[in-house]
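The structure appears right after this line, and notes come after that.
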Amino acid sequence: MEYFFILGRNPFLSKAEIFLYLETRRIEFEEIFFERNFLTIRLKEEFNFNIQEFGGIIKLGKLKIFSKKQDFLEYLEKEEVVPSDKFSYSIIGNIDENIFISKFKKERKKAFIKRARNRILLQEGEEFFFSNADFEIFALKRNKFFLGLVEQTYDSKIDEFIDMRKPVRREEFSISPRLSKIMINLSGLKKGNILFDPFCGVGCILIESLLKNIPAIGFDIDKKAIEGAQKNLEWLSKNFDLNSNYKIERKNSFFLDNIDFDGIVTEAPLGDLIKRKLSNDEKKDFLFSFERKIVPFLKKFKEKKKENSRIIITFPAFENLSLNIKEILDLTGLSLLSFKEIKFPIIEKRKNQFVHRELAVLY
Ligand SMILES: C[S@@+](CC[C@H](N)C(=O)[O-])C[C@H]1O[C@@H](n2cnc3c(N)ncnc32)[C@H](O)[C@@H]1O
């Protein structure tokens, strides 16, 4: 069974999310192709993807055909792509739309092309446009022809509701619901495992964990942050039907005594907020001082974690400078995960941000 995915603004990270999500569930698959923000994969058996479980997918569906040009044209001649008589549609990909215009004309269908007006700016600066037509046809010409119909589109209403309505927000530090979901999907944690966020702040990662039915523990040294997390999670429990429980404590995460967890997902503390561009020397100092602070924590986490369980952590990075990860690995005894051709860390950056993030999956 072949599936296609239209990925979000950071396609490499989204691809890693899908791959590790499948690996966690022991689902065998192989990549067919990956280009820009298009990914197609082949699974041995059918799998019911739920797009809402992912933070990095915009649209997904099954491929109807993936073939050479002649077979593709024969398929189009014979098969019905859109099961409707009157509809709007749009084409995602690089196939000449005239193929579909003439196909639908022949089938005497009232089909209207809807121009793609919704824009996503991909991390590396490319733009991706899509529309909200009745049917979206994924049609791509490479050395083969790919055709599929979009089956699911990510609905960000719940994310927006949580992000905007939770009682305590800390805009300067908070991580988005989508990035939190991605990080949890990288962690190998599933329903029933326990997630630990040692620097939980007001609890954005804990919220996504509980929504995935993964019980969560959060520590933070800051009294206000912990009070905020407490309010947010109480609010979440009232507004959503949660099956999982949580524990939040004001604690220094350097001292972890009797704590049992299956994986760490966290955003490392960066110190003071940076509100201007730094010189190269300042950037080096910043990274050096971050490394000095984080290494003792990582050593503790390694001591406490179960064998092979993962630590998903964000590190600071700049456009032209990043941490010496090899040194961090040497000092902590941790390893960086790689799976198929996915290699960490993966950069996550936004325009106008002075400090970017690097996402590391350690074990
Ligand atoms: C980048 S913020 C985390 C933001 C968080 N993801 C959120 O949703 O709000 C890092 C947090 O680490 C906390 N922190 C710093 N040092 C700590 C320590 N030794 N033990 C526990 N928490 C600590 C800070 O108080 C801060 O809230």
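The values are calculated or read from the model by the stated rules, or taken from the named source; none is laboratory data. Source: prediction; values computed, not measured. Here the Cβ is made from the backbone with ideal geometry for all residues, glycine too, and neighbour counts use every protein chain on show.
Within the stretch 218-227, track down each residue that is more than 6 Å from the ligand (Cβ to nearest atom) and buried (at least 22 other Cβ atoms within 10 Å of the Cβ).
218, the sole residue that qualifies.
Yes or no, residue by residue, for (1) more than 18 Å from residue 173 (Cβ to Cβ); (2) assigned by TED's automatic domain parsing to the domain that holds residue 31; (3) in a loop (DSSP other than H, G, I, E, B); (4) not basic (Lys, Arg):
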residue	(1), (2), (3), (4)
258	yes, no, yes, yes
271	no, no, yes, yes
285	yes, no, no, yes
291	yes, no, no, yes
326	yes, no, no, no
329	yes, no, no, yes
347	yes, no, no, yes
350	no, no, yes, no
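Name the single residue, out of those in the stretch 238-256 being of a type in the set (Ser, Thr, Tyr) and at pLDDT 95 or above, that is farthest from the ligand (Cβ to nearest atom). Break it down into steps so the answer makes sense when it comes.
As a first pass, look at the stretch 238-256 and keep what is of a type in the set (Ser, Thr, Tyr): 244, 246, 253.
Right, trim to at pLDDT 95 or above and you get 246, 253.
Numbers: 246: 14, 253: 4 Å.
Checking each candidate, the answer is 246.
Any residue in the stretch 192-217 that's assigned by TED's automatic domain parsing to the domain that holds residue 239 and more than 13 Å from the ligand (Cβ to nearest atom): show its pairings with residues that are charged (D, E, K, R) and assigned to a loop (DSSP other than H, G, I, E, B) at Cβ separation under 6 Å, as long as the two are six or more apart or on different chains.
If the second residue must be charged (D, E, K, R) and assigned to a loop (DSSP other than H, G, I, E, B), the pairs left are 193/262; 194/262; 213/191.
Tell me which strands (runs of 3 or more DSSP E) are completely within the stretch 125-222 and hold 1 or more residues being closer than 19 Å to residue 37 by Cβ, over 21 Å from the mean Cα position of the chain (by Cα) and modelled with pLDDT of 95 or more, or say none if there are none. Spell out how you get there, then give the answer.
Details: elements: 127-130, 135-141, 145-149, 195-197, 216-220.
Result: 135-141, 145-149.
How many of the residues making up the stretch 161-200 are among the small types (Gly, Ala, Ser) and farther than 26 Å from residue 123 by Cα?
Residues meeting the conditions: 1.
Starting from the stretch 302-325, keep only residues that are over 18 Å from residue 289 (Cα atoms), then list their pairs with residues that are of a type in the set (A, V, I, L, M, F, W, C) and within 14 Å of the ligand (Cβ to nearest atom) whose Cβ atoms are within a distance under 6 Å, requiring at least 6 positions of separation or different chains.
304/256; 311/264; 311/301; 312/183; 312/265
Just a yes or no: is a residue in the stretch 261-270 among the charged types (D, E, K, R) and surrounded by fewer than 12 Cβ atoms within 10 Å (Cβ to Cβ)? Give the derivation first.
Pass one, the stretch 261-270, residues among the charged types (D, E, K, R): 262, 267.
Now restrict to residues that are surrounded by fewer than 12 Cβ atoms within 10 Å (Cβ to Cβ): none.
No: the stretch 261-270 contains no residue that is among the charged types (D, E, K, R) and surrounded by fewer than 12 Cβ atoms within 10 Å (Cβ to Cβ).
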